[in-house]
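Written below as structure tokens is the structure these notes are about.
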Amino acid sequence: MEKVIEELRQLAETEGREAVLSKANEYAEKLRTEITYHDNRYHIKDDPEISDAEYDQLRRHLEDLEGEFPEIITPDSPTQRVGGAPIEAFEKVTHRVPMLSLGNAFNAQELRAFDQRTKRLSGREEIEYVVELKIDGLTAVLTYEDGLLIRGATRGDGEVGEDVTHNLKTVKSIPLKLSQSVTLDVRGEVFMDKEGFQELNSRRQENGKPLFANPRNAAAGTVRQLDARIAAERPLNLLAYDLIYLGEGGLTTHMEVLEYLEELGFKVNHRHFCANIEEVIKVVEEWTEGRNNHSFEIDGLVIKINDLALREELGATAKSPRWAIAYKFPAQQKTTTVKDILASVGRTGAITPVAILEPVEVAGSTVGRATLHNEDELRRKDVRIGDTVVIQKAGDVIPEVVKVVTSKRTGEEQEFQMPTACPVCGADVVREPGEAVHRCTNNLGCPAQVKEGIVHFVSRNAMNIDGVGPSLIDQLLEKSLIHDVADLYYLNSEELSNLERMGDKSAQNAINAIEESKDRPLDRLIFALGIRHVGAGAARILTQKYLSIADLMQAQIDDLLELDEIGPKIAESIVEYFSHERNRELIEKLRQGGVRMEMTEDEGAPMDDSLVGKTFVFTGGLETLTRNEAKEMVLNRGGKVSSSVSKKTDYVVVGTDAGSKADKARELNLHILSEAKFKDLLK
Ligand code: IVH
């Protein structure tokens, strides 16, 4: 592209400007169409196809081209716009102060040019800066009145954003009440950290749901949920980075602003004060080096002028402020080849295509495999054996194939077909309608599923059997010392100490850990069984009603559905699980092995029983509690929480912006409580 611009420039010199304008325009139109397409993928669909670096490059080319030939600029060129359009489903919010976007710098030279420009415009000789992390999430604009959060919005196109208050209120790091009764707007970045992102995606994979491509998309998808309960269950976070002060401030520098934000109760972005641009460049180098060392993804750094009066003086161009610039990191992607594609079998029989790669180093470690997730993903990316591919780490951790370099195809590449028989046990493989995953149908007959099931059973959130890890499980299965999870409870330390890499001491430790796990709470056992769709949360809810495995085994679908948050999918799965003779035998074997199968009075009993027999419904947003906290408070006192209002409902707690449930409660003449009254009732 640089070459194209250079050629056009030369042509313009020899042939005259007019002669090349239509050619330049043709190129520009192509770029505009492409950029608009990718804008839509990124902002509207939350599903980008190219990396940010590639996108930036496209934009830069267009900017360069339009810079060279300003005659061809059209009012609707993406260079003339600030960002994406808001989605229709949310209320629109006009920002009190429009939110512009930032200009970019890609190297030290461009940072010095930025400094020079500022000096020239302001006539100052030395300028102080603050360097911050550029978090790869999405902007949140939080409006507080008299110290209370009244609204949270997305950036949208910079002028008009979307009202996502209901979701932002579930974010623990967003204070609902500030330490001072002030009226102001705060801007920050909402994001999901790498660990939370991975957990969310592995849960989604288990449940056959489409995966998020990266933490940014997961955060964006969550903030745009219409139902705040979904957001409440996902690990969102916010770091504040700016304050739009609407009154008399008394603050004179950006460093002071950030301190003040902390004082008000925000978590604030990492920052570094720099006395001049050379110091900035040093910090930029250091922080670029350490870019992977954060718990969340960053895509660059933001360099801001420290002096607020100078900021004011400099103002903004139509698109971006003159007092700040984004330094974008070079992309951490690598090119390698696909040596093979294998099908790997997970605990629930889900079959995942995995690309075996020529090992390359990406973001600090060697990558030799990359998940291709499922058939749809595989087809969408059209990855074939022998292909040259671009890979990156999603959430900087899980390696994934970004795209195929199709220009490198020789015609020798081979398409991969999802297996029709399980690669481990040979049983039939099916893809249920509406599901993205293929599954082996052999359940406990498939060695791969058996092994993964045992790995799950001993895992931290399940029976938490420390000292029994995947490689020990492999050996135990291989030597036929165990065939299922119950066999663990019949092992002795001699059998273990005869295994490879097992001394007497680690054998005894493993036996002790197994022994200790016999007494785990009932919900952990239910979760550990690995019943499809029954996560740790659902297992806990089940123990509200079922105090023993024996009770749960008797449950019919309708009984299960009475529990709030247990839907038909979970209910059917539970009934189906216990309908299998071999699962019932497994339970019996666990019982005889000494595993506790019921809940004690103490565990089952609520903290107090003041709400026994009372059913609550929550509607609208709560101010000081999250929905989950409020529910927990009811459950701990023996009460029940339901999602729909009926004559059987005892109390309806009505928060802000409550809808039809509040109307229905009034119609039925039910007890209606404000949040404050609800808290009083519980005291
Ligand atoms: S300052 C006029 N500081 O990067 C805009 N932005 O275009 C001033 N971002 O989507 C933005 N971390 O949400 C600023 N420390 C930081 C940031 C940051 C991330 C995002 C921002 C916006 C984009 C900048």
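The values are calculated or read from the model by the stated rules, or taken from the named source; none is laboratory data. None of these values were measured; they are calculated from a predicted model. No Cβ is skipped: glycine too gets one built from the backbone with ideal geometry, and neighbour counts run over all protein chains shown. The protein model used for the area step is the full one, side chains on, heavy atoms only, and it has no ligands, DNA or RNA in it. Shrake-Rupley method; radii C 1.70, N 1.55, O 1.52, S 1.80 Å.
Partners of LYS92 within straight-line reach, counting lysines whose Cα lies under 20 Å from its Cα and excluding those fewer than 8 residues away in the same chain: LYS45, LYS169. Based on the Cβ-Cβ distance from ILE230 to GLU279, what FRET efficiency comes out when R0 is 41 Å, to the nearest 0.05? Computed FRET efficiency for ILE230 and GLU279 comes out at 0.40. Rolling a 1.4 Å probe over the protein chains gives SER320 an accessible area of about 20 Å².
Counting only protein chain heavy atoms and rolling a 1.4 Å probe, the accessible areas of TYR245, TYR490, TYR129 rank, largest first, as TYR490, TYR245, TYR129.
Between GLN417 and ASN498, what's the calculated FRET efficiency when r is the beta-carbon distance and R0 is 35 Å? Round to 0.05. Spell out each step's value before the answer.
Working: r = 43 Å, r/R0 = 1.22.
Efficiency at R0 = 35 Å is approximately 0.25.
Where the alpha-carbon atoms of segment 497-631 are placed on the principal axes, they occupy 60, 37, 26 Å, in descending order. Taking a ≥ b ≥ c as the square roots of the eigenvalues of the alpha carbon gyration tensor, segment 57-201 is prolate, as a/c is not under 1.5 and a/b beats b/c. Of the GluC sites (Glu not before Pro) in segment 215-322, which ones lie in a loop per DSSP and count no more than 12 other C-beta atoms within 10 Å? Within segment 215-322, the qualifying GluC sites (Glu not before Pro) (loop, at most 12 other Cβ atoms within 10 Å) are GLU248.
Taking all protein chains in place and a 1.4 Å probe, what share, in percent, of the accessible surface of the chain do carbon and sulfur account for?
On the way: 15600 of 33010 Å².
Roughly 47 percent, rounded to a whole number.
You can think of it this way: the chain between GLU91 and ASP428 has 116.4 nm of extra reach, that is 0.36 nm per residue less the Cα-Cα gap. On a per residue basis, segment 168-242 carries 37 Å² of accessible surface, using protein heavy atoms and a 1.4 Å probe.
Using a probe radius of 1.4 Å on heavy atoms only, what accessible surface per residue do you get for segment 380-467? Whole Å² is fine.
Normalised by residue count, the accessible surface of segment 380-467 is 48 Å².
Here each label is just a point 7 Å from Cα along the line to Cβ, and for SER365 and ARG379 those points are 3.2 nm apart. Judged by a Cβ-Cβ distance under 4.7 Å, the unpaired cysteines of the chain are CYS274. What's the tally of Lys pairs in segment 249-398 whose alpha-carbon atoms lie under 18 angstrom apart, where the two lysines are 8 or more places apart or on different chains? So the count of such lysine pairs works out to 10. Straight-line cross-link reach from LYS589 at under 22 Å between alpha-carbon atoms covers these lysines, not counting any fewer than eight positions away in the same chain: LYS451, LYS479, LYS518.
Quotient of the Cα radius of gyration of the chain and 2.2 N^0.38 Å, N being its number of residues: 1.11. Note on ASN464/ASP64: beta-carbon distance plugged into 1/(1 + (r/R0)^6) with R0 of 60 Å gives a FRET efficiency of 0.55. Counting every Cα pair in segment 425-487, what percent are over 19 Å apart? Every Cα pair in segment 425-487 considered, those over 19 Å come to 39 percent. The tail of the calculated P(r) for segment 554-641, taken as Cα-Cα distances beyond 22 Å, holds 50 percent of the pairs.
Per residue, the solvent-accessible area of segment 301-344 (1.4 Å probe, heavy atoms of protein chains only, all protein chains present) comes to 42 Å².
Seen from VAL575, the other residues with C-beta closer than 15 Å to its C-beta sum to a net charge of -3, counting Lys and Arg as +1 and Asp and Glu as -1.
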